[in-house]
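K.L.:
Got a structure here, written out as structure tokens. Questions coming.
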Amino acid sequence: MTLQDVAKRYAVAVSPAIRALIDPADPADPIARQFLPDVAELTVTPDELADPIADEVHAPLKGVVHRHPDRVLLKAVNACPVYCRFCFRREMVGPGKGALSPSELADALAYIRSRPEIWEVILTGGDPFILSPRRIRQITQALADTGHVKIMRWHSRVPVVEPENVTNELAAALIAPGVTAWVAIHANHPRELTGDARAAIARLAQAGACLVSQTVLLKGVNDDVETLACLMRAFVEAGVKPYYLHHPDLARGTSHFRLGIEEGLALTRELRARISGLAQPLYVLDLPGGHGKVPLDSRNVEKTAAGHRIRDLAGCWHDYPPLHPA
């Protein structure tokens, strides 16, 4: 097994901003671990899934995932400027997978427009910030024109990995009367929040977007309380409210990134004792099968001899497997 084999199976791309952060002298560099391919990705454990949170099961048409009554995902594009080695959509994204065609996007917007119960649209993918400001503005205006969509939430790595592409024009394209723009900024290590990244974040805030964070808890990247504390404080200093700390999903070829739930709970409880409430993320697991996110430090989680039992928001219990040795 070689790195070429990894690249044949999963997309690989590293932006100049990320390449500049990698320390070639450090074999355990946490930035390199997130973005550079590893032959460990070719090891697939029995509990790993091609679609770990069941996007396809809840997709009424191409580009739309409707898992919850009041909100949908709109996957307008299936490519990214970088490809995280732990990505839960790694089987679905990559070069050549592109954006929705004009007719597919029109169908997706028509679906949203026809359902007045949809209050929030979450733009994801892929990374929607690789779209041009013109395309972003068109989507923003189309959703604002529905009258019932009030929240647009954009999930993006671009402010961190290609901060120069968060222009004033792009930031302004997120804003329209009648809807509130939120941007969920993905970073996993404090070194990612460079001066350029903070400037990009400031441009989003100055345009009127509300900012939250998302982070994945990753072995060898941020699985110690000092790193997590520095990251969450850095978010707050940049005007970004810590939101989700994700337990890693059961995506194929990612077992070398996963910690056990008990390890994650110990870390987050120590984090809670160390830092301001303003800097606290919610530690969640997106249940396999598309049953939604569950806070892990709650009565919805029970340890068992075979792993854990986790109760979804509908009150149903699901078995979750123990940590598989990497």
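K.L.:
Please go through the range 143-170 and give me each residue that is of a type outside the set (Val, Ile, Thr) and either assigned to a strand (DSSP E or B) or in contact with a strand residue (DSSP E or B) (Cβ under 9 Å, 6 or more places away or on another chain) (or both), ordered by number.
P.N.:
Just the residues of the range 143-170 that are of a type outside the set (Val, Ile, Thr), to begin with: 143-145, 147-148, 150, 152-157, 159, 162-165, 168-170.
The answer is LEU143, ALA144, LYS150, MET152, ARG153, TRP154, HIS155, SER156, ARG157, PRO159.
K.L.:
Still on this structure, I have one more. List the number of the failed condition for ALA108; all other conditions in (1) over 16 Å from the mean Cα position of the chain (by Cα); (2) within 30 Å of PRO322 (Cβ to Cβ) hold.
P.N.:
It fails just one condition, (2).
K.L.:
Something else about it: GLU262: of a type in the set (D, E, K, R), free of Cβ contacts under 8 Å to residues at least 24 places away in the same chain and loosely packed, with under 15 Cβ neighbours inside 10 Å, yes or no?
P.N.:
No; evaluated as a whole, the condition is false for this residue.
K.L.:
Could you list, in sequence order, the residues of the range 277-290 that are surrounded by 12 or more Cβ atoms within 10 Å (Cβ to Cβ) and either touching a residue at least 40 places away in the same chain (Cβ under 8 Å) or of a type in the set (Asp, Glu) (or both)?
P.N.:
First, the residues of the range 277-290 that are surrounded by 12 or more Cβ atoms within 10 Å (Cβ to Cβ): 279-290.
The answer is ALA279, GLN280, PRO281, TYR283, VAL284, ASP286, LEU287, PRO288, GLY289, GLY290.
K.L.:
Yes or no: ILE139 assigned to a loop (DSSP other than H, G, I, E, B), out of contact with any Pro (no Cβ under 6 Å at 6 or more places or on another chain) and among the β-branched types (Val, Ile, Thr)? Quick ask: steps written out before the conclusion?
P.N.:
Details: assigned to a loop (DSSP other than H, G, I, E, B): no; out of contact with any Pro (no Cβ under 6 Å at 6 or more places or on another chain): yes; among the β-branched types (Val, Ile, Thr): yes.
Here the answer is no, as ILE139 does not meet what is asked.
K.L.:
Find all pairs meeting these conditions: Cβ atoms under 6 angstrom apart; at least six residues apart or on different chains; first residue within the range 16-41 and surrounded by 15 or more Cβ atoms within 10 Å (Cβ to Cβ) and at pLDDT 95 or above; second residue polar (S, T, N, Q) and not in a helix (DSSP H, G or I).
P.N.:
Cβ pairs passing all conditions: none.
K.L.:
On to the next question. Just a yes or no: is a residue in the range 8-16 basic (Lys, Arg) and under 25 Å from SER255 (Cα atoms)?
P.N.:
Yes, the range 8-16 has at least one match.
K.L.:
Something else: Restricting to the range 42-65, and then to whatever is without any contact (Cβ under 8 Å) to a residue 60 or more places away in the chain and not in a helix (DSSP H, G or I), can you tell me which residue is farthest from GLN4 (Cα to Cα)?
P.N.:
Taking the candidates together, the pick is PRO60.
K.L.:
Looking at the range 49-80, which of its residues are in contact with a His (Cβ under 8 Å, 6 or more places away or on another chain) and over 21 Å from PRO248 (Cα atoms)?
P.N.:
Within the range 49-80, ALA59, PRO60, HIS66, VAL72 meet the criteria.
K.L.:
Next question. Exactly one of (1) assigned to a strand (DSSP E or B); (2) among the hydrophobic types (A, V, I, L, M, F, W, C); (3) within 16 Å of the chain's Cα centre (by Cα) is unmet by ALA181. Its number?
P.N.:
(3)
K.L.:
Moving on to the next point. Say whether the condition of being touching a residue at least 60 places away in the same chain (Cβ under 8 Å), touching a Cys at 6+ places or on another chain (Cβ under 9 Å) and small (Gly, Ala, Ser) is met by at least one residue in the range 75-84.
P.N.:
no
The values are calculated or read from the model by the stated rules, or taken from the named source; none is laboratory data. Because the structure is predicted, anything quoted here is derived from the model rather than measured. Cβ sites come from the backbone with ideal geometry, for glycine too, and all protein chains shown count toward neighbours.
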